[in-house]
């Protein structure tokens, strides 16, 4: 977690946030999730892809960010995750909310 804290203390973490969330999803999906667990993870990847695409095109909105957060929330609440993995994804959700709430 120390490395995560250092990453988010940097000046440009917002520009790399989506890549960071994807990297964290890749990290937690290293287990072979099946069924509903896999379905929720795949849905989160899909929502994140759409958000990244919209953001890169300058046409994103806060609702898209909320969709990603809701999808992450379902993964955190409903998937079989280690406590540390839940903590990582909750931190990502908080960072996304911070991005959403910035003017």
Problem - Unique residue being modelled with pLDDT under 90, surrounded by 14 or more Cβ atoms within 10 Å (Cβ to Cβ) and part of a helix (DSSP H, G or I) when the list is 86, 20 - result: 20
Exercise for the section: Please find, within region 25-41, the residue that is modelled with the lowest pLDDT out of those that are within 14 Å of residue 86 (Cβ to Cβ) and assigned to a helix (DSSP H, G or I). Expected result: 37
Practice task
Just give me the residues in region 48-68 being under 23 Å from residue 30 (Cβ atoms) and surrounded by fewer than 19 Cβ atoms within 10 Å (Cβ to Cβ), in sequence order.
Solution key: 49, 52
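The values are calculated or read from the model by the stated rules, or taken from the named source; none is laboratory data. This is a predicted model, so every value here is computed, not measured. Heads up, the Cβs are rebuilt from the backbone with ideal geometry, glycines too, and the neighbour counts pull from every protein chain shown.
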